[in-house]
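Have a look at the structure below before the remarks.
The values are calculated or read from the model by the stated rules, or taken from the named source; none is laboratory data. What you are looking at is a predicted structure, and each value in this text was computed from that prediction instead of being measured. Every residue, glycine as well, gets a Cβ built from its backbone with ideal geometry; the counts of neighbours run over all protein chains shown.
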Amino acid sequence: MENKYQLSTGILECYPLYAIFHFNASVYDLEEAEEFVGIIDSHYRGRKCVVVSNREMAKRVNPEVYNSKKSKSVVGIAIVSNNNAVKNEAIEEQGLFEGAFSYFQSIEEASDWAKTVIGSY
């Protein structure tokens, strides 16, 4: 791990090719997205990464965050959960993100996928 950040919505663990976001808030809106994008773009300045979003339970994600708070570094998003409500959220969010996007049941599967995504850049 390169660094670990405590955000208002969870813990962000940054690795060379991907970041694991332990998302523990009930809401993710423009203010939270601004905080997240600022940290991720600062950490991965000049590099590409994939975000692995570890979600234990369903969240309310404002769809506008995908349009107005775009990261310069993030080229893929993996949603990780065993919760069916989270899987349904991921299906809705997939159409909002312009890069690679997938759903997994384990962080290990998601991090392997992240390495493949980064390898294509």
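Every residue in the stretch 1-45 that is over 12 Å from the mean Cα position of the chain (by Cα) and of a type in the set (A, V, I, L, M), please.
If the condition is that a residue be over 12 Å from the mean Cα position of the chain (by Cα) and of a type in the set (A, V, I, L, M), then Met1, Leu7, Leu17, Ala25, Val27, Leu30, Ile39 are the ones that fit.
Anything in the stretch 1-20 that is closer than 16 Å to Glu31 by Cβ and of a type in the set (Val, Ile, Thr)? List them, or say none.
Residue satisfying the conditions is Thr9 alone.
Under the condition of being modelled with pLDDT of 95 or more and assigned to a loop (DSSP other than H, G, I, E, B), which residue from the stretch 10-28 is farthest from Glu89 (Cα to Cα)?
Here the answer is Pro16.
Here are the criteria: (1) farther than 19 Å from Cys14 by Cα; (2) outside any loop (DSSP other than H, G, I, E, B). Tell me which single one Asn54 does not satisfy.
Exception for Asn54: condition (1).
For the stretch 66-86, give me each residue that is under 20 Å from Arg45 (Cα atoms) and free of Cβ contacts under 8 Å to residues at least 40 places away in the same chain.
Across the stretch 66-86, the qualifying residues are Tyr66, Ser68, Lys69, Lys70, Ser71, Lys72, Ser73, Val74, Ile77.
For the stretch 63-86, give me each residue that is farther than 23 Å from Ile118 by Cα and surrounded by fewer than 16 Cβ atoms within 10 Å (Cβ to Cβ).
Pro63, Glu64, Ser68, Asn82, Asn83, Asn84, Ala85
Of the residues Val117, Val61, Val52, which single one is closer than 22 Å to Pro16 by Cα, touching a helix residue (DSSP H, G or I) at 6+ places or on another chain (Cβ under 7 Å) and touching a residue at least 12 places away in the same chain (Cβ under 8 Å)?
Exactly one of Val117, Val61, Val52 is closer than 22 Å to Pro16 by Cα, touching a helix residue (DSSP H, G or I) at 6+ places or on another chain (Cβ under 7 Å) and touching a residue at least 12 places away in the same chain (Cβ under 8 Å), namely Val52.
Per-residue answers, yes or no, for (1) within 14 Å of the chain's Cα centre (by Cα); (2) aliphatic (A, V, I, L, M); (3) in a loop (DSSP other than H, G, I, E, B); (4) surrounded by 18 or more Cβ atoms within 10 Å (Cβ to Cβ):
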position	(1), (2), (3), (4)
Arg47	no, no, yes, no
Glu92	no, no, no, no
Val117	yes, yes, no, yes
Tyr121	no, no, yes, no
